[in-house]
Amino acid sequence: MSEPPQLVTALEAGKCLPRLALLINPFYPKDAHASFGKHVLTPTLALTSFAATSPPHWWIRYWDENLLHGHPPYTPLPELVGITVHLTFAKRAFELADWFRRRGSKVVLGGLHVMSCPGECAPHADALALGDGVQIWPRILADCEAGNLQAIYTATYENQYREDPAPSRSILPRRSFLTNASLIATRGCHNRCSFCYLATDGLRMPYRMRDPAQIVAEFEQSGEPYAVFIDNNLGSRRDYLGALCRALKPIRKVWSAAVTIDVTDDPALIREMALAPLIWGTRWRQLRYRKTLEMATGSGAAGSVVTAGV
Ligand code: B12
Ligand code: SF4
């Protein structure tokens, strides 16, 4: 869990298979008792979000190195490799990119670290995706097919979020995560905490929402009994969170989400969340957080959540 799968340097990989794209979430080192568990709980949506925009004549394979299934697949060798890059696993992403490029695949890098540091990423890529992959990916596939891949693709986050397709969860390995239902209902947040990536200079991430009915449909289609919302802050707009809770209530599935503690200022909202039904951490966490939160807020915030029956 602390060492990435070894990339075989001497390996001959044969010819690239046209219209095969491999999407990789690179390895990062983990603590066996903490972050590995966290990882297999929550599949990132970085790759599945834009995979959904692939035309049907492309074969899309998904590979999450953190599941520790060994060497990334290379037979057949993909024509195109898309890799998501965060600061924490940028070095590994570059090793993977170099490995596939040496064997003839075209490599596209995207994600938060590519947006922040394109100059550092460029030497390892045939193309960089700066911004929303959902808009960029179909252009990349079309240009790749035409033999006309560009060095840089850009897109903003200004479009209507409800117009994005649902993430392509069918490409995830079915039994490797606690749940394949990572859901996302909103992007952005109304706060700008100085330590958060949303406060990065020059990053424009307007607050955008999907319709609650779309989220309910995605949850149902996943067939999963439990979902994790990976929104930065699902409570950024309280009226939206209330509407989402009401929409989710009839399907009686369990979900969890990150919200800021100020949602507890609104007892009616807490009640909606209690009925949803939403998990607020496990019991030992509740007790530990309750103490921490009460010290931080000087109020009975966590207590009011527990009393409401969440
Ligand atoms: C799921 C998640 C996790 C999971 C899995 C992460 C993983 N690497 O697989 C777990 C729980 C393990 C985790 C752990 C951590 N996480 Co985390 N995590 C997230 C979370 C909640 C969702 C990621 C996601 O699916 N986003 C939605 C997708 C659609 O957005 P996206 O990744 O930006 O992708 C879009 C574009 O960037 C682009 N794109 C991305 N990749 C590519 C690739 C190509 C080829 C193309 C074309 C486009 C493209 O297209 C996508 C669609 O628009 C985000 C917060 C968030 N809501 O984004 C935090 C977040 C990514 N995590 C963060 C942090 C800090 C961590 C930890 C360091 C926390 C800690 N202290 O332990 C660890 C480190 C893990 C690691 N080393 O990577 C920060 C990163 C900040 C930064 N500047 O890098 C975030 C942004 C949270 C925050 N608000 O600060 N995390
Ligand atoms: S509340 Fe969370 S998502 Fe919003 S700016 Fe602060 S850290 Fe970022």
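The values are calculated or read from the model by the stated rules, or taken from the named source; none is laboratory data. Nothing here was measured: the structure is a model prediction, and the numbers come from that model. Cβ sites come from the backbone with ideal geometry, for glycine too, and all protein chains shown count toward neighbours.
Tabulated values for the structure
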quantity: Residue within the stretch 121-130 that is within 17 Å of the chain's Cα centre (by Cα), over 17 Å from residue 19 (Cα atoms) and not assigned by TED's automatic domain parsing to the domain that holds residue 204 present; calculated: yes
quantity: Index of the failed condition, residue 180 passing every other in (1) under 27 Å from residue 38 (Cβ atoms); (2) at pLDDT 95 or above; calculated: (2)
quantity: Which listed residue, of 96, 77, 68, 47, is touching a residue at least 24 places away in the same chain (Cβ under 8 Å), within 11 Å of ligand 1 (Cβ to nearest atom) and not aromatic (Phe, Trp, Tyr); calculated: 47
quantity: Failed item, numbered, when residue 185 is tested on (1) more than 9 Å from ligand 1 (Cβ to nearest atom); (2) assigned by TED's automatic domain parsing to the domain that holds residue 20; calculated: (2)
quantity: Residue within the stretch 219-233 that is at pLDDT below 90, in contact with a helix residue (DSSP H, G or I) (Cβ under 9 Å, 6 or more places away or on another chain) and within 16 Å of ligand 2 (Cβ to nearest atom) present; calculated: no
quantity: Residue in the stretch 88-110 that is assigned to a helix (DSSP H, G or I) and either β-branched (Val, Ile, Thr) or within 16 Å of ligand 2 (Cβ to nearest atom) (or both) present; calculated: yes
quantity: Set 127, 146, 155: member being at pLDDT 95 or above, surrounded by 12 or more Cβ atoms within 10 Å (Cβ to Cβ) and out of contact with any Gly (no Cβ under 7 Å at 6 or more places or on another chain); calculated: 127
quantity: Test: residue in the stretch 33-53 that is surrounded by 15 or more Cβ atoms within 10 Å (Cβ to Cβ), part of a loop (DSSP other than H, G, I, E, B), touching a His at 6+ places or on another chain (Cβ under 7 Å) and modelled with pLDDT under 95; calculated: no
quantity: Checklist (1) over 28 Å from residue 179 (Cα atoms); (2) charged (D, E, K, R); (3) part of a strand (DSSP E or B) applied to residue 61, failing item; calculated: (1)
quantity: Unmet criterion (only one of (1) within 18 Å of residue 120 (Cα to Cα); (2) buried (at least 21 other Cβ atoms within 10 Å of the Cβ); (3) in contact (Cβ under 8 Å) with a residue 40 or more places away in the chain; (4) under 19 Å from the mean Cα position of the chain (by Cα)) for residue 60; calculated: (1)
quantity: Scope the stretch 167-176; condition of a type outside the set (Ser, Thr, Tyr) and more than 10 Å from ligand 1 (Cβ to nearest atom); matching residues; calculated: 169, 171, 172, 173, 174, 175
quantity: Selected residue [at pLDDT 95 or above and of a type outside the set (D, E, K, R)] from 199, 243; calculated: 243
quantity: Number of the exception - residue 251 against (1) β-branched (Val, Ile, Thr); (2) at pLDDT below 90; (3) over 23 Å from the mean Cα position of the chain (by Cα); calculated: (2)
